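So the structure is just underneath, and the comments pick up after that.
The values are calculated or read from the model by the stated rules, or taken from the named source; none is laboratory data. From a predicted model like this one, the values you see are computed outputs, not experimental measurements. Every residue, glycine among them, receives a Cβ derived from its backbone with ideal geometry; neighbour counts consider all protein chains shown. Side chains included, ligands, DNA and RNA excluded: accessible areas come from the protein's heavy atoms. Shrake-Rupley method; radii C 1.70, N 1.55, O 1.52, S 1.80 Å.
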Amino acid sequence: MNGIAPPAMGVAASARFERALQPVCFASRADVRGLLPLEVRLSAVHAEGLAGLLPLLLCGEESAALAFAQFAELARLDGDARAQLERMRIEEERHEVWLTRLRLGLPAPRPDTGLRRTVRHFFLAIREPELGAHLGRIAALDSAVCVILGTLRHPRCALAADADLRQLLTRIQFEEAGHARTASFYARVFGVPDLRRLAIDTRERLVRLLALRAGAFDQVGVCPHSLSRRLLQVPRRLFA
């Protein structure tokens, strides 16, 4: 992994890089040392909007990486289940690295002291003591992330103008879709009752959280109200 050359950076820029390399909400195993920023080809307004959305996405990746790491170490799971959960942990940590590099290439978002606390509370609140139920919520959340990423990379969204960024979002969306399918499968294996109710509750909580960044969605050309309506429509096939 390439390192950042200190002589090429001013003191203020170096301090900003250090802050951007810190976990947004939770410290996972992802190695973000020495990351170089991704080059972003967006207008100042669109880059600012994306910078406002990244804390939500990064916090989700950090939380998921930790959850899958814990699940993969459970002795009561068979080898195949542990291997699949370990694969998902590795992919979530990879997403965290990619999004951190993206964060380094964007302007620092406007300070919001309450956002980190609110986002952390959201992810802590959806944790379930029973593994199957927790996986059910993860399936609902990761499938929702796919909707969000699909919207952000859609040609009507301003972010699609950057081909490399669009490719990055597409890759993450593809892997998140796999996580949603795997989490859904094991939630059903564990025989969790009323998974749809859990999914609806998770999506409703997520929509309330995303409302805090409605302005950032507007900045990148995404209607937050239309996105919320889509997120509240939990697909029947999610647990089919």
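The table for this structure:
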{"item": "Out of HIS154, HIS179, sole residue that is in a loop (DSSP other than H, G, I, E, B) and over 26 Å from GLY114 (Cα atoms)", "result": "HIS154"}
{"item": "Residues being loosely packed, with under 13 Cβ neighbours inside 10 Å and hydroxyl-bearing (Ser, Thr, Tyr) - total across the range 208-240", "result": "1"}
{"item": "Residues (assigned to a helix (DSSP H, G or I), out of contact with any Cys (no Cβ under 6 Å at 6 or more places or on another chain) and within 18 Å of ARG208 (Cα to Cα)) located in the range 120-138", "result": "HIS121, PHE122, PHE123, LEU124, ALA125, ARG137, ILE138"}
{"item": "Which numbered condition LEU36 misses (of (1) at pLDDT 85 or above; (2) of a type in the set (A, V, I, L, M); (3) within 13 Å of the chain's Cα centre (by Cα); (4) closer than 23 Å to LEU159 by Cα)", "result": "(3)"}
{"item": "Lone unmet requirement of (1) open to solvent by 30 Å² or more (accessible area, probe 1.4 Å); (2) without any contact (Cβ under 8 Å) to a residue 60 or more places away in the chain; (3) in a helix (DSSP H, G or I) for ALA160", "result": "(1)"}
{"item": "Pair list, Cβ under 7 Å, 6 or more apart: the range 105-119 residue under 15 Å from CYS25 (Cα atoms) and assigned to a helix (DSSP H, G or I), other residue β-branched (Val, Ile, Thr) and open to solvent by less than 60 Å² (accessible area, probe 1.4 Å)", "result": "ARG116/VAL24"}
{"item": "Which numbered condition ALA180 misses (of (1) open to solvent by less than 20 Å² (accessible area, probe 1.4 Å); (2) more than 13 Å from the chain's Cα centre (by Cα); (3) under 15 Å from VAL234 (Cα atoms))", "result": "(2)"}
{"item": "Check on ARG203, open to solvent by less than 10 Å² (accessible area, probe 1.4 Å), of a type in the set (Lys, Arg), assigned to a helix (DSSP H, G or I) and in contact with a Leu (Cβ under 8 Å, 6 or more places away or on another chain)", "result": "yes"}
{"item": "Matching residues, the range 102-151, being under 24 Å from THR182 (Cα atoms) and among the polar types (S, T, N, Q)", "result": "SER143, THR151"}
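Residue-by-condition table, conditions (1) farther than 22 Å from LEU131 by Cα; (2) under 13 Å from the mean Cα position of the chain (by Cα); (3) part of a helix (DSSP H, G or I):
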site	(1), (2), (3)
LEU58	yes, yes, yes
GLU61	no, yes, yes
ALA75	no, no, no
ASP80	no, no, yes
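Each row is one residue, and each column tells you yes or no for (1) crowded, with 18+ Cβ neighbours inside 10 Å; (2) touching a strand residue (DSSP E or B) at 6+ places or on another chain (Cβ under 9 Å); (3) at pLDDT below 95.
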site: GLU96; (1), (2), (3): yes, no, yes
site: THR100; (1), (2), (3): yes, no, yes
site: ARG103; (1), (2), (3): yes, no, yes
site: PRO111; (1), (2), (3): no, no, yes
site: LEU115; (1), (2), (3): yes, no, yes
site: HIS121; (1), (2), (3): no, no, yes
site: GLY136; (1), (2), (3): yes, no, no
site: ALA139; (1), (2), (3): yes, no, no
site: GLY150; (1), (2), (3): no, no, no
